[in-house]
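K.L.:
Starting off with a structure, shown below.
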Amino acid sequence: MSTSNVLGPGRTALVTGASRGIGPLIAAAIARQGGHVVLTGRSAADLKAVSADLAAAGADVSCIAADLTQPGAAQTLAETVEQEHGGIDLLVNNAGGDPLREFHTMTIEQNLRTLQLNLIAPVALSHATLDGMLRRGRGHIVNISAMAGRVSFPYTEAYAAAKDGLIGFTRVLRSDYHARGVSASVLILGAIRGAGQGQRMLDESGMKASGFMSPAESVAQTVIKAVAKDRAELVVMPGPGRLLRAVMDYFPALGPALNRAAGASTTVQKITELREQKPGAAT
Ligand SMILES: NC(=O)c1ccc[n+]([C@@H]2O[C@H](COP(=O)([O-])OP(=O)(O)OC[C@H]3O[C@@H](n4cnc5c(N)ncnc54)[C@H](OP(=O)(O)O)[C@@H]3O)[C@@H](O)[C@H]2O)c1
């Protein structure tokens, strides 16, 4: 059992991006602490399948389908969960992703959708849940960010802008509301294997996972650690992640050089070409 006052029996968590990828693992880890977990994503069928699996493993879960890029969706989702469960104690803004296509070949609307999903939706959901958390004097918001901007990962301009924005957003949110019982943490993910967008890239390209990738389950465990130990920022990648992140900031040319050396630029180019040939392919 966690020492946190937002995990455990009698508490409610809302996990976005819980229909596939890393989200179901995060939801399962939270559910194992006790309490109720609400799963959300666009696909009602996928949510139903995930919630059936989690319930079969003993979790107390429910789901609500929502497209977080739609105006007002975050507010409506937060209100529905509050009405049905009496409040949201833990919000995990995990939904996100990137089409991984060249910035200039996507329309500006496609780029703005990436910002909407990865930055505006977490800000809107945090805004919509904060009043209730403050009223109850407890709450924790966990935002899932990425190393993309730090390492100049190819073709992630809007995604990197959103994920770096999420780090700044979380720092200020934490600082402003911590004394009133509401905390915030950000997880900065490197490449993840086993589930999610990184694994799909490997599957599409026929490549094997490298030693630079962390298992998806480690993200779920890090969410629990961030909440239970009330940590501000945690990096999920093999090795000294926070140090590497600092080094990347100090030497901005290092990321692109490492991408070239590790073959990331070539791989992403290959994925981009594959996805342009198959516009409906996984993103
Ligand atoms: N996997 C990695 O290597 C990696 C690395 C760094 C950071 N991250 C971050 O980790 C988080 C999880 O990534 P993942 O790899 O698990 O991604 P994923 O497999 O692509 O899953 C994305 C989730 O977001 C939901 N989603 C997408 N568009 C949505 C929308 N418009 N409205 C509501 N929900 C939406 C998807 O559900 P529906 O399709 O049902 O809507 C799905 O549940 C993301 O924030 C990602 O940026 C991942």
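K.L.:
Going by alpha carbons, how many degrees (0 to 90, nearest 10) lie between the helix axis of 216-228 and the longest principal axis of the chain?
P.N.:
Here the helix axis deviates by roughly 40 degrees.
K.L.:
Can you give the local net charge around P240? Use residues other than it whose beta-carbon is closer than 15 angstrom to its beta-carbon, Lys and Arg +1, Asp and Glu -1. Write out the running numbers ahead of the final one.
P.N.:
Working: positive: R150, R242, R245; negative: E233, D249.
Cβ neighbours under 15 Å give a net charge of +1.
K.L.:
Place the peptides 97-108, 160-171, 141-152 in order of packing, highest mean first, counting for every residue the other Cβ atoms within 10 Å and averaging per peptide.
P.N.:
On the way: 97-108: 14.6, 160-171: 20.0, 141-152: 25.5.
Order by mean packing, descending: 141-152, 160-171, 97-108.
K.L.:
How large is the accessible surface per residue of the chain, computed with a 1.4 Å probe and reported in Å² as a whole number? Intermediate values should be presented prior to the final figure.
P.N.:
Values: 12860 Å² over 283 residues.
Value returned for the chain: 45 Å² of accessible area per residue.
K.L.:
Please determine, in degrees from 0 to 90 and to the nearest 10, the orientation of helix 264-277 with respect to the longest principal axis defined by the Cα atoms of the chain, where the helix direction is its Cα long axis.
P.N.:
80 degrees
K.L.:
Over the range 29-119, with every protein chain in place, what whole percent of the accessible area is carbon and sulfur at 1.4 Å, could you tell me?
P.N.:
Values: 2230 of 4220 Å².
C and S fraction of accessible area: 53 percent.
K.L.:
To continue, here is another question. Which of the residue pairs K225/K270; K48/K270; K208/K229; K163/K229 have a Cα-Cα distance greater than 32 Å in the structure shown?
P.N.:
In this structure, K225/K270; K48/K270; K208/K229 lie more than 32 Å apart at Cα.
K.L.:
Right, another one. Let me have the relative contact order for the range 123-200, percent, based on Cα pairs under 8 Å that are six or more residues apart. Display every interim value, and only then the final one.
P.N.:
Numbers: 89 pairs, mean separation 28.6, N = 78.
So the answer I get is 37 percent.
K.L.:
Sort F212, F153 by accessible area with a 1.4 Å probe, largest first.
P.N.:
Working: F212 150, F153 60 Å².
Correct descending sequence by accessible area is F212, F153.
K.L.:
Compute the relative contact order of the chain as a whole-number percentage, counting only Cα pairs closer than 8 Å that sit 6 or more residues apart in sequence. Please report the intermediate quantities before stating the final value.
P.N.:
Values: 514 pairs, mean separation 51.1, N = 283.
Reported relative contact order: 18 percent.
K.L.:
Does the range 150-258 classify as rounded, prolate or oblate by the C-alpha gyration tensor (a ≥ b ≥ c root eigenvalues; a/c under 1.5 gives rounded; else a/b over b/c gives prolate, otherwise oblate)?
P.N.:
Numbers: a/c = 2.02, a/b = 1.47, b/c = 1.38.
The shape class here is prolate.
K.L.:
In a Gaussian network model over the chain where Cα atoms closer than 10 Å are linked, find which of Q116, Q269, Q197 has the largest mean-square fluctuation.
P.N.:
Q269
K.L.:
Can you work out the base-10 log of I(q)/I(0) for the range 1-113 at q = 0.13, 0.18 1/Å, using the Debye formula on its C-alpha atoms alone?
P.N.:
For the requested q values the scattering log ratios are -0.51, -0.86.
K.L.:
May I ask you to order 58-65, 11-18, 188-195 by the average number of other C-beta atoms within 10 Å around their residues, highest value first?
P.N.:
11-18, 188-195, 58-65
K.L.:
Could you work out [θ]222 nm for the chain from helices alone, using -39500 (n - 2.57) per DSSP H run of at least four and dividing by all its residues? Round to the nearest 500 deg cm²/dmol. Working shown, then result.
P.N.:
On the way: 11 runs with 135 residues, N = 283.
After summing the helix terms and dividing by the residues of the chain, the value is -15000 deg cm²/dmol.
K.L.:
Then there's this: Counting Lys and Arg as +1 and Asp and Glu as -1, what is the net charge of the other residues whose Cβ lies under 14 Å from the Cβ of Y159?
P.N.:
Numbers: positive: R101, R113, R150, K163; negative: D98, E102, E157, D164.
So the surrounding residues net to 0.
K.L.:
If the viscosity is 0.890 mPa s and the temperature 25 °C, what translational diffusion coefficient in µm²/s does Stokes-Einstein give for the chain when Rh comes from Kirkwood over Cα pairs?
P.N.:
On the way: Rh = 19.0 Å.
Once the numbers are plugged in, D ends up at 129 µm²/s.
K.L.:
Distance between Cα centroids, the range 216-270 to the range 55-134: provide it in whole Å.
P.N.:
23 Å
K.L.:
Give me the distance in nm between label points sitting 7 Å out from Cα along the Cα-to-Cβ direction at D131 and Q110, one decimal.
P.N.:
In this crude spin-label approximation the distance works out to 3.8 nm.
K.L.:
Okay, moving on. May I ask for the net charge around L77, where only other residues with Cβ less than 13 Å from the Cβ of L77 are counted and Lys, Arg are +1 while Asp, Glu are -1? Before the final figure, lay out the partial values.
P.N.:
Working: positive: R42; negative: D67, E79, E82, E84.
Its environment carries a net charge of -3.
The values are calculated or read from the model by the stated rules, or taken from the named source; none is laboratory data. This structure is a prediction, so every number in the text was calculated from the model and none was measured. Glycine gets a Cβ as well: all are built from the backbone with ideal geometry, and neighbour counts include every protein chain shown. Just so you know, the surface numbers come from the protein's heavy atoms only, side chains and all, with ligands and any DNA or RNA stripped out. Shrake-Rupley method; radii C 1.70, N 1.55, O 1.52, S 1.80 Å.
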